[in-house]
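Note sheet for the following structure.
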Amino acid sequence: MSLDPAQYLNGSVWVRLAPSIHGVGVFAIRDIPKGTIITEHDSVNNGYDDHGTEKRFFNYTDKLLRQLHPAIVKMIHDRFILYPGHNLWPSPNFLQFYREYMNYSELPCVSQKMVSLRKIHEGEELLQRYPMDGARISSISHHRYIYKSAGSIRGR
């Protein structure tokens with residue numbers, strides 16, 4: 001059974017990285033229903049399934065783009081250069097480590113397993129409650145330092 005690109009992308013691309021009051025955060029690009037898996041971690045196995053079959057690279061034809069949610073199309077155009085006749089690219093979530101950019105909240109909307117705990121609205125920042133151990137704090141501080149340094153270079 002072959003993978004339907006429109007069905008896969010419409011059912012798996014929910015978020016993107018964006019500026020947050022915390023530095024960088026994970027934001028909903030469209031409404032996310034309660035119980036939705038936020039990401040399948042497309043970075044695992046470099047986009048191949050357990051049998052070594054490439055399954056998350058798609059030919060972004062005009063026909064496919066018309067079948068996708070507009071926010072997903074925007075992400076594709078933001079990440080990739082589309083050429084006539086040569087548009088084999090991964091999912092826009094490929095190699096995006098959203099868990100590393102998930103900010104903390106006492107009232108989370110996403111579980112540790114990256115599942116939405118309630119309906120999340122378009123534009124809302126996704127937040128998790130996670131243990132605040134030394135390694136996690138170090139990782140968070142490292143990512144924020146890189147983001148803030150890059151922002152200051154651009155004159156922000």
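What is the local net charge at GLY35, summed over the other residues whose Cβ is closer than 10 Å to its Cβ (Lys, Arg +1; Asp, Glu -1)?
After counting each charged neighbour, the total is +3.
Would you mind calculating the gained length between LYS113 and HIS69 on full extension (0.36 nm times residue separation, minus the Cα-Cα distance), in nm to one decimal?
That works out to 13.4 nm of additional length.
Amide H to amide H under 5 Å from SER105: which residues, 5+ apart in sequence or cross-chain, H placed 1.01 Å off N in plane?
So SER105 has HN proximity to GLN128, ARG129, TYR130.
Any read-out appearing in this document is the output of simple, stated calculations on the displayed coordinates, not a laboratory observation. This one's a predicted model, so the numbers in the text were calculated from it and none came from an experiment. All Cβ positions, even for glycine, are placed from backbone atoms using ideal geometry, and neighbour counts span all protein chains on display.
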